[in-house]
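The values are calculated or read from the model by the stated rules, or taken from the named source; none is laboratory data. These numbers were taken from a predicted model, which means no experiment stands behind them. Cβ placement follows ideal geometry from the backbone for every residue including glycine, while neighbour counts extend to all protein chains displayed.
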Amino acid sequence: MIYKWIVKQVQNGDKLLALLLDPDEYDDQSLKQILNEAGNTKTDLILVGGSLVSNPVAPFIQKIKENSEIPVLLFPGNLLQLSDNADGILFLSLISGRNPDLLIGNHVAAAPMIRNSGMEVISTGYILVENGRSTAVEYISNTRPVPSDKPDIAAATAIAGEMLGFKLIYLEAGSGAQYPVNPEMITEVKSKIKIPLVVGGGIRNAEDAKNILNAGADIIVVGNAVEKNTSLLKKIREFTKKPG
Ligand code: 1GP
């Protein structure tokens, strides 16, 4: 069970590193290369998905499975990105938004297929945070992000998500965000919830990652920056280790 393992690591004070792979961004060769780097750096999780993905997800996951032992979780931007060959799914509800399809509608449509697949389901309260410019996730989801200088709104949303039974809270600045979720907001949200906190979007370098982890993120997600510079995984990994 991936979720139980995540909780155990977090209780132990460890931080986890997740790599987001967008099927549109990798060919066979670059995929092997990044998976090799992910294996070497003991990356904990692979997420597959994106706001807008043109290539089918299932064969992409198949290739990941052929070249890596790291657990693969679906991170679906929409119903077309469902596939039954992942190890699990972040069953995301966009709780910062007021778009009913992304709060519950798509979930109803997807639930029977997901149940039949036997995949592990990790229900996730997904909170989109303003980050300096409009991102694909903001446009495609047709929702307004939480203002970056309103940590109390993010915290109230996260508390509600925990009360509703979500197993993870995910603070998302959006892929390619101008800047990542600000540390003050991360600290505020983390102080108000007991479930693990995931943070991603716009993390460009090791310094960003360090600030986010120090602020209280339990799981850090990187996508774009690692596509361009695979060695960044190794640098970020250093900060996820428990001190001492
Ligand atoms: C995961 O969408 C992010 O939360 C990934 O964002 O591609 O900017 O790292 P980047």
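For segment 40-70, residues that are surrounded by fewer than 17 Cβ atoms within 10 Å (Cβ to Cβ) and touching a residue at least 40 places away in the same chain (Cβ under 8 Å) total 3. Selection within segment 176-187: residues that are in contact with a helix residue (DSSP H, G or I) (Cβ under 6 Å, 6 or more places away or on another chain) and buried (at least 20 other Cβ atoms within 10 Å of the Cβ). The member of this set that is farthest from Asp152 (Cα to Cα) is Pro180. Take Asn224 and decide whether it is within 15 Å of the ligand (Cβ to nearest atom), modelled with pLDDT under 95 and over 14 Å from Leu94 (Cβ atoms). Answer is yes for this residue. Kindly check whether there is at least one residue in segment 139-152 that is of a type in the set (A, V, I, L, M, F, W, C), within 16 Å of Asp22 (Cβ to Cβ), within 15 Å of the ligand (Cβ to nearest atom) and under 16 Å from the mean Cα position of the chain (by Cα). Within segment 139-152 (the criterion being of a type in the set (A, V, I, L, M, F, W, C), within 16 Å of Asp22 (Cβ to Cβ), within 15 Å of the ligand (Cβ to nearest atom) and under 16 Å from the mean Cα position of the chain (by Cα)), the answer is no, since none of the residues qualifies. Tell me whether segment 24-41 contains one or more residues that are within 15 Å of the chain's Cα centre (by Cα) and within 16 Å of the ligand (Cβ to nearest atom). Within segment 24-41, not a single residue is within 15 Å of the chain's Cα centre (by Cα) and within 16 Å of the ligand (Cβ to nearest atom). Need the failing condition index for Glu207 against (1) more than 8 Å from the ligand (Cβ to nearest atom); (2) surrounded by 19 or more Cβ atoms within 10 Å (Cβ to Cβ), just the number. With (1) more than 8 Å from the ligand (Cβ to nearest atom); (2) surrounded by 19 or more Cβ atoms within 10 Å (Cβ to Cβ) applied to Glu207, the lone miss is (2). Restricted to strands (runs of 3 or more DSSP E) entirely inside segment 63-159, those with at least 3 residues that are of a type in the set (Val, Ile, Thr) and either in contact with a Lys or Arg (Cβ under 8 Å, 6 or more places away or on another chain) or modelled with pLDDT of 95 or more (or both) are 120-128. Contact map, segment 114-133: residues that are among the acidic types (Asp, Glu) paired with residues that are in a loop (DSSP other than H, G, I, E, B), Cβ distance under 6 Å, separation 6+ or inter-chain. Pairs shown: Glu130/Pro145; Glu130/Pro147; Glu130/Ser148. A single entry from Leu164, Leu233, Leu171 fulfils the requirement of being within 16 Å of the ligand (Cβ to nearest atom) and surrounded by fewer than 24 Cβ atoms within 10 Å (Cβ to Cβ): Leu233.
Look at Ile46 and say whether it is farther than 22 Å from Lys234 by Cβ and out of contact with any His (no Cβ under 8 Å at 6 or more places or on another chain). Criteria not met by Ile46. Filtered by the rule that a residue be in a loop (DSSP other than H, G, I, E, B) and surrounded by 24 or more Cβ atoms within 10 Å (Cβ to Cβ), segment 189-204 gives Gly201, Gly202, Ile203.
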